[in-house]
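After the structure tokens below, expect a handful of questions from me.
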Amino acid sequence: MRTKHFLQIADFTLDDYEYVIQRAHIIKRKFKNYETHHTLMDRTLVMVFEKNSTRTRLSFEAGMQQLGGAAIYLNTRDSQLGRGEPVEDAAQVMSRMCDIIMIRTFGQDIIDRFAANSRVPVINGLTNEHHPCQVLADVFTYIEQRGSISGATVAWIGDANNMLYSWLQAAEVFDFHVNVSTPEGYNIDPTLVSPANANAHYTLFASPSDACQDADLVTTDVWTSMGYEAENNARLKAFDGWIVDSAKMARAKKDALFMHCLPAHRGEEVCAEVIDGPQSVVWDEAENRLHVQKALLEYLVLGKIS
């Protein structure tokens, strides 16, 4: 059978996601009840990090151990990848010594090349172009809080970054709509969006406040992502007015949720009264990375189980 990877949201069908989300609910319930769930006993996850991480490393490492398996941390600075070993060669070797691999790196082409040469499933822990694990956790969190996300309106306020591209792919799969408001010069790259998506699943707004109108969920991210630190001062000026504040949340539905993938900068992309307020589910969202990724690991290694 062809090895199944999770490199971007579009890699899975709605049926795949419905199964993974169902399993995530079961796995989370067992975790909360202190029930042992060792479906990946004696299996090994290798985690390759080229970018810094808190939530990704912790959730994958703890998750694999909670499933009864082992997680091995590799930083490219401390491995042969950091000395110029071809990605293709590293994939051949690593995939003969473990059961599944998670990579957090820069360009999507790197993880695509790795997966093409891997004998085991590869998970995208984050690239410049996509952050599928985070958006899967966000969708799970919405479903947990509000029920089906189908037909919902998600307001994205901020940069056209990896989070947005994963949200746009999720909108196609789960059939919801994204109101997108990005500052001039930080717009969507059309090469990273399905041509069929434009009119059906997202709408562009010049005003971030207008994008929040009647939204079921308002979400944002830091204005300067990893790898773009040199642009920080220019971005602070360009994003002036794009802060998610109480006035923007007031344009959304009364029971609208607020999400942020974290870490957050209070006073920049979001004000304290929103991220620390009653509509914010950022801590549930962060925790759900653990449970969703356990379901994802289980599915990629074992397939569907009863």
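The values are calculated or read from the model by the stated rules, or taken from the named source; none is laboratory data. Values in this document were obtained by computation on a predicted structure and should not be read as measured data. No Cβ is skipped: glycine too gets one built from the backbone with ideal geometry, and neighbour counts run over all protein chains shown. For accessibility, only protein heavy atoms count, side chains too; no ligands or nucleic acids. Shrake-Rupley method; radii C 1.70, N 1.55, O 1.52, S 1.80 Å.
Within the stretch 116-136, track down each residue that is open to solvent by less than 10 Å² (accessible area, probe 1.4 Å) and assigned to a helix (DSSP H, G or I).
132, 133, 134, 135, 136
Kindly check whether there is at least one residue in the stretch 174-193 that is open to solvent by 10 Å² or more (accessible area, probe 1.4 Å), closer than 24 Å to residue 279 by Cα, in a helix (DSSP H, G or I) and not charged (D, E, K, R). Before you say what the answer is, go through the steps one by one.
Restricting attention to the stretch 174-193, the residues satisfying the condition of being open to solvent by 10 Å² or more (accessible area, probe 1.4 Å) are 174-175, 177, 179, 182, 184-193.
Still in the running and closer than 24 Å to residue 279 by Cα: 174-175, 177, 179, 182.
Filter once more, keeping what is in a helix (DSSP H, G or I): 174.
Filter once more, so that each one left must be not charged (D, E, K, R): 174.
Within the stretch 174-193, one or more residues are open to solvent by 10 Å² or more (accessible area, probe 1.4 Å), closer than 24 Å to residue 279 by Cα, in a helix (DSSP H, G or I) and not charged (D, E, K, R).
Quick one: residue 79 ticks every box in (1) under 25 Å from the mean Cα position of the chain (by Cα); (2) in contact (Cβ under 8 Å) with a residue 12 or more places away in the chain bar one, so which box is it?
Residue 79 satisfies all of (1) under 25 Å from the mean Cα position of the chain (by Cα); (2) in contact (Cβ under 8 Å) with a residue 12 or more places away in the chain except (1).
Return the residue satisfying two criteria in turn: it lies in the stretch 140-164 and is open to solvent by less than 10 Å² (accessible area, probe 1.4 Å) and assigned to a helix (DSSP H, G or I), and of such residues it is nearest to residue 196 (Cα to Cα).
164
Moving on. Do any helices (runs of 4 or more DSSP H) lying entirely in the stretch 1-111 carry at least 1 residues that are under 18 Å from residue 296 (Cβ atoms) and open to solvent by 50 Å² or more (accessible area, probe 1.4 Å), and which ones are they?
Working: elements: 14-32, 55-66, 87-94.
Of the helices (runs of 4 or more DSSP H) lying wholly inside the stretch 1-111, those with at least 1 residues that are under 18 Å from residue 296 (Cβ atoms) and open to solvent by 50 Å² or more (accessible area, probe 1.4 Å) span 14-32, 55-66.
Let me ask something else. Specify the residue that is nearest to residue 152 (Cα to Cα); the eligible residues are those in the stretch 213-246 that are at pLDDT 95 or above and open to solvent by 70 Å² or more (accessible area, probe 1.4 Å).
Among them, the one singled out is 214.
Against the condition part of a helix (DSSP H, G or I), touching a residue at least 40 places away in the same chain (Cβ under 8 Å) and open to solvent by 20 Å² or more (accessible area, probe 1.4 Å), how does residue 210 come out, does it pass?
Numbers: part of a helix (DSSP H, G or I): yes; touching a residue at least 40 places away in the same chain (Cβ under 8 Å): yes; open to solvent by 20 Å² or more (accessible area, probe 1.4 Å): yes.
Spelling it out, residue 210 is indeed part of a helix (DSSP H, G or I), touching a residue at least 40 places away in the same chain (Cβ under 8 Å) and open to solvent by 20 Å² or more (accessible area, probe 1.4 Å).
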